[in-house]
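A.B. asks: My structure is below; once you've seen it, I'll send some questions.
Bear in mind these aren't lab numbers, they're just calculated from the coordinates by the rules spelled out. Since this is a predicted model, take the numbers as computed values, not measurements. Neighbour counts run over all protein chains shown; Cβ positions are idealised from the backbone, glycine included.
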Number of protein chains: 2
Amino acid sequence: MPELYFEDFKAGDVFDLGTHAMTRERVLSFAREFDPQPFHTDEAAAATSIYGGLIASGWHTCAVFMRLFVDRLLGRCASLGSPGVDELRWLKPVRPGDVLRARYTVLAAEPHPRRADRGTLRSLAEVFNQDGALVMTVRAANLIAKRNPPAA
Amino acid sequence: MPELYFEDFKAGDVFDLGTHAMTRERVLSFAREFDPQPFHTDEAAAATSIYGGLIASGWHTCAVFMRLFVDRLLGRCASLGSPGVDELRWLKPVRPGDVLRARYTVLAAEPHPRRADRGTLRSLAEVFNQDGALVMTVRAANLIAKRNPPAA
């Protein structure tokens, strides 16, 4: 059973989502499956690229953020899925060996305009590396069920 | 060597990126690693959810789109990476067995304001299922090197 419902969130709430270490093996294998550009998949080619070495696919960083979000917060919520992302920025390269930390801030908690049983959390997710540099931001929306929806 | 450079693109160019079949095995394994919500990872829980059955993580759909984009287009380009996504919409559930088709449309080809050796392609990517229903859209940017940059 979920612990957290739409009513439990308000603008300004901030959640630390913990950390994830990016291994060279998984950076390479993710990119080989989903984003086989040389600066993601080939050490030698990456070394001579503008990035100066292997970098993780931005979609890998998104997926890792999602895991942290589900483990630390969304998995405890009455989640009904997401309509999408309003802005996603890859600000700095993520490299093998980086330890990423994510933070989730509620920007707005809006009752759904048509469905009385749910609301939308609008959020800013920030992902930092071990040096405290901001590597990715995601402004997204999540649909969350209400604990006590009004009677139909 | 890349075949395609910034100069080769203009607003209105459309590219068919081909198809990818979403297998139940990979839908489950991707979600178990990156998005372990019950409607992505647990057949029984998914059946009683608002989705009525297993659906793919939206990030899995993004990753699959990226693979089609790299295989059919970006992998032939002088790609310098991406600053991010301006809008991402998950419009309909993607289910195991779905065969996704992607299309990439150039919305604008803009010389970089500061770096004379590259430009930005702004694009709309659309992902359809086997019934022709639009399941995801991504408005993103990609940095592409120029074939003939002006002398410094």
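A.B. asks: Where the Cα atoms of the stretch B:108-152 are projected onto their three principal axes, how long is each span, largest first, in whole Å?
C.D. replies: For the stretch B:108-152, the Cα extents along the three principal axes come out at 51, 17, 11 Å.
A.B. asks: Grab the Cα-Cα distance for B:Asp131 and B:Ala45, subtract it from 0.36 nm times how many residues apart they are, and report the gain in nm with one decimal.
C.D. replies: 28.4 nm
A.B. asks: Considering every Cα-Cα pair within the protein assembly as shown, what fraction, in whole percent, is farther apart than 32 Å? Could you put the intermediate results ahead of the total?
C.D. replies: Values: 12314 of 46056 pairs.
Percent of Cα pairs beyond 32 Å in the protein assembly as shown: 27.
A.B. asks: Could you tell me how far the Cα centroid of the stretch B:66-117 sits from the Cα centroid of the stretch B:7-53, in Å?
C.D. replies: Distance between centres, Cα-based: 16 Å.
A.B. asks: Report, in deg cm²/dmol and to the nearest 500, the calculated mean residue ellipticity at 222 nm for chain B, where each DSSP H run with n ≥ 4 adds -39500 (n - 2.57) and the sum is divided by the residue count.
C.D. replies: On the way: 4 runs with 35 residues, N = 152.
That comes out to -6500 deg cm²/dmol.
A.B. asks: Same structure, new question: I need to check one value: relative contact order of chain A, counting alpha carbon pairs closer than 8 Å and at least 6 residues apart, in percent.
C.D. replies: On the way: 329 pairs, mean separation 46.0, N = 152.
Computed value for chain A: 30 percent relative contact order.
A.B. asks: Now for a different question. Report, as a whole number in µm² per second, the diffusion coefficient that Stokes-Einstein gives for the stretch A:6-145 at 20 °C and 1.002 mPa s using the Kirkwood radius over alpha carbon pairs.
C.D. replies: On the way: Rh = 15.9 Å.
Reported coefficient: 134 µm²/s.
A.B. asks: Across peptide B:32-43, what mean number of C-beta atoms from other chains lies inside 10 Å of a residue's C-beta? Let's see the in-between values first.
C.D. replies: On the way: counts 1, 6, 11, 7, 6, 8, 2, 3, 2, 1, 0, 0.
Per-residue shielding by partner chains comes out at 4.
A.B. asks: Report, to the nearest 10°, how far helix A:24-34 tilts away from the longest principal axis of the Cα atoms in chain A, using its own Cα long axis and a range of 0 to 90°.
C.D. replies: That works out to roughly 70 degrees.
A.B. asks: With 25 Å as the limit, write out which pairs from B:Lys10/B:Lys146; A:Lys92/B:Lys92; A:Lys146/B:Lys92; A:Lys92/B:Lys146 have Cα-Cα distances beyond it, or answer none.
C.D. replies: Details: B:Lys10/B:Lys146 13 Å; A:Lys92/B:Lys92 31 Å; A:Lys146/B:Lys92 22 Å; A:Lys92/B:Lys146 22 Å.
Pairs exceeding 25 Å: A:Lys92/B:Lys92.
A.B. asks: Per-residue mean of other chain beta-carbon atoms within 10 angstrom of the beta-carbon, peptide A:88-100? The partial results should precede the final answer.
C.D. replies: Working: counts 10, 5, 5, 2, 0, 1, 0, 0, 0, 0, 0, 0, 0.
Counting Cβ atoms of other protein chains within 10 Å of each residue's Cβ and averaging gives 2.
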